[in-house]
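The values are calculated or read from the model by the stated rules, or taken from the named source; none is laboratory data. The model shown is predicted, which means the values in this text are computed figures rather than measured ones. Virtual Cβ from ideal backbone geometry, glycine too; neighbours counted across all protein chains shown.
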Amino acid sequence: MLDDVFDELAGIRNEPVWRPMPDAVRNAWSDKLPRQGTEAEDVYRSYQATIAPYGVGNRHPQFLGWVHGGGSAIGVLADMLAAGLNANCGGRDHAPIACERQVIRWASEMLGMPPESSGLVLSGTSMANFVAILTARAAAFGEGIRRTGISGVQPVGYASAGAHMCVARAFDMAGLGADALRLIPNDADGALKLADLRARIAEDRALGFHPFVVIGTAGSVDIGAIDDLSGLAEICHQEHLWFHVDAAFGAIAMLSPALRLRFAGMDRADSVAFDFHKWAQVPYDAGGIVVRDADAHRAAFAREVAYLRRDARGLAAGEPWPVDLGPELSRGFRALKVWMTLKTYGADRIGRVAEQCCDLAQRLAALIDAEPLLERLAPVPLNIVCFSYRLGDNAMQAAIAADLQEAGAVVLSTTTIGGRTALRAAFVNHRTRREDTVAVVRAVLAAGAARLDRIESVPEKEPREVA
Ligand SMILES: Cc1ncc(COP(=O)(O)O)c(C=O)c1O
């Protein structure tokens, strides 16, 4: 199995980026519960036939859809070792938790946060944003809110209009309601307008709401925009608000001396959410949170119960336990693949991957700007390029993306920029090279031309094919 995985990784460039599941495979997922066992070799054969060829495709250098990391060989081995050890990292006193604390100290160093900051390795930034909102909520309104729920206050928070949907969902899951997250308009570069934020905070206070948190975005999901983090930190300081940063991919850019400058102010955050499974190339899933005030972090989650009693010695020693810092009790040893990745490649090299991805995005932007049939729809502050095929409407852009995906050619995703559907290329994978930017342009032009041919070949009186 290991040989096969490494062979696949070594030859990934020669494979289609993605393969749709054939009906026979799709329909094969209706087996009854297997009452008797099967030889492991046969189970592996089933895996090879029905799962391995039909993954997401994000290992491939021409996978530029959404914001997906490419993974690495050391991550494969780390996951195997973690499964072998089968540690439950919810608590207790053992080396896997020491390893996780080490990873969090490294993350604090990366972000410019104090070494005594608290934190957790989590499934990703969605979960990290949720932990941050719960921590900020308890810090602002007191631990009592954890028992009584919200009553007598109307908590509200603020983020850019370009914030990831998981921030609003965190408000929803925290019982605050998604509408309690005020989305503040952006400037032309996609960064939150500070003056609008100040005005909205004042307006909310005047109306009797209780502002408690501002969420800065360090690399927005649509275009990679970076908020003025120093400006946000200042407003939070003046207004006594918790300053959280969603740095899902921006955090790893802090490992590059050249990119780091763009994130000035991140080191003033009360908490930062980020992913290791994007630019750090750790296999899914791995993200994390760092919280400056360790006591505040613990106060948001810790709960005393007899069956999780702590002791000064033995396996029940070693406070705080991860269960005191987040919503999960049983949890796997995710930190191992992060630790092994950082040890194996070194933080500088991972920082260079982020730099390389941003260079490739600039290169693609330049190719698009030079191509009359393509139009760029947004600035490129980091690693994401949004553009469209000029001879097509919104539906045609989505059709081009789907055509390319189904053909196993470059994978792009789509988003909406100013009401227009954009093709979106996000450079996250360490395997992507300059020639892949040329491949994107060629593939989109060819797919666009093929669609136009098909539309024009329809006889006049017949209804036109909808792209
Ligand atoms: C800015 C931002 N925040 C949050 C997320 C969600 O992160 P995850 O998918 O790791 O939960 C993403 C994902 O792309 C993102 O780009």
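For the reader, a short list of remarks on this structure follows.
- Failed item, numbered, when residue 154 is tested on (1) away from the ligand (no atom under 16 Å from the Cβ); (2) of a type in the set (S, T, N, Q); (3) in contact with an Asp or Glu (Cβ under 8 Å, 6 or more places away or on another chain): (3)
- Any hit, the range 215-230, residues being buried (at least 23 other Cβ atoms within 10 Å of the Cβ), touching a His at 6+ places or on another chain (Cβ under 6 Å) and part of a strand (DSSP E or B): yes
- Matching residues in the range 64-79 - criterion: being surrounded by 22 or more Cβ atoms within 10 Å (Cβ to Cβ) and among the hydrophobic types (A, V, I, L, M, F, W, C): 64, 67, 78
- Of the residues making up the range 214-251, those that are farther than 18 Å from residue 129 by Cβ and of a type in the set (Asp, Glu) are 228, 234, 239.
- Exclusive hit being over 30 Å from residue 386 (Cα atoms), buried (at least 16 other Cβ atoms within 10 Å of the Cβ) and more than 18 Å from the chain's Cα centre (by Cα), set 100, 116: 100
- Identity of the residue in the range 121-143, more than 16 Å from the ligand (Cβ to nearest atom) and in contact with a strand residue (DSSP E or B) (Cβ under 7 Å, 6 or more places away or on another chain), that ends up nearest to residue 284 (Cα to Cα): 135
- Among residues of the range 35-73, those that are touching an Asp or Glu at 6+ places or on another chain (Cβ under 7 Å) and over 18 Å from residue 354 (Cα atoms), counted: 0
- Exactly one residue among 190, 208 is within 16 Å of the ligand (Cβ to nearest atom) and either part of a loop (DSSP other than H, G, I, E, B) or more than 16 Å from residue 270 (Cα to Cα) (or both), and that residue is 190.
- Filter pass, residue 320 being of a type outside the set (Asp, Glu), out of contact with any Asp or Glu (no Cβ under 8 Å at 6 or more places or on another chain) and more than 15 Å from residue 112 (Cβ to Cβ): yes
- Unique match (being among the small types (Gly, Ala, Ser) and within 30 Å of residue 424 (Cα to Cα)) among 195, 174, 206, 199: 195
- Count of the range 1-56 residues which are in contact with a helix residue (DSSP H, G or I) (Cβ under 7 Å, 6 or more places away or on another chain) and either closer than 21 Å to residue 406 by Cα or assigned to a helix (DSSP H, G or I) (or both): 11
- Residues of the range 249-302 that turn out to be away from the ligand (no atom under 15 Å from the Cβ), assigned to a loop (DSSP other than H, G, I, E, B) and surrounded by fewer than 19 Cβ atoms within 10 Å (Cβ to Cβ), as a count: 3
- A single member of 123, 72, 117, 108 is touching a Phe, Trp or Tyr at 6+ places or on another chain (Cβ under 8 Å) and modelled with pLDDT of 95 or more, and it is 72.
- Check on residue 327, touching a residue at least 12 places away in the same chain (Cβ under 8 Å), surrounded by fewer than 21 Cβ atoms within 10 Å (Cβ to Cβ), assigned by TED's automatic domain parsing to the domain that holds residue 289 and in contact with a His (Cβ under 9 Å, 6 or more places away or on another chain): no
- Every pair of residues 6+ apart whose Cβ atoms lie under 6 Å, when the first sits in the range 123-134 and is in the same structural domain as residue 172 (by TED's automatic domain parsing) and in a helix (DSSP H, G or I) while the second is among the acidic types (Asp, Glu) and near the ligand (Cβ under 7 Å from one of its atoms): 125/275; 129/246
- Within the range 104-120, the residues that satisfy the criterion of being within 16 Å of the ligand (Cβ to nearest atom) and within 20 Å of residue 317 (Cα to Cα) are 119, 120.
- Strands (runs of 3 or more DSSP E) completely within the range 325-428 that count 2 or more residues being under 23 Å from residue 439 (Cα atoms) and of a type outside the set (D, E, K, R): 384-389, 413-417, 420-426
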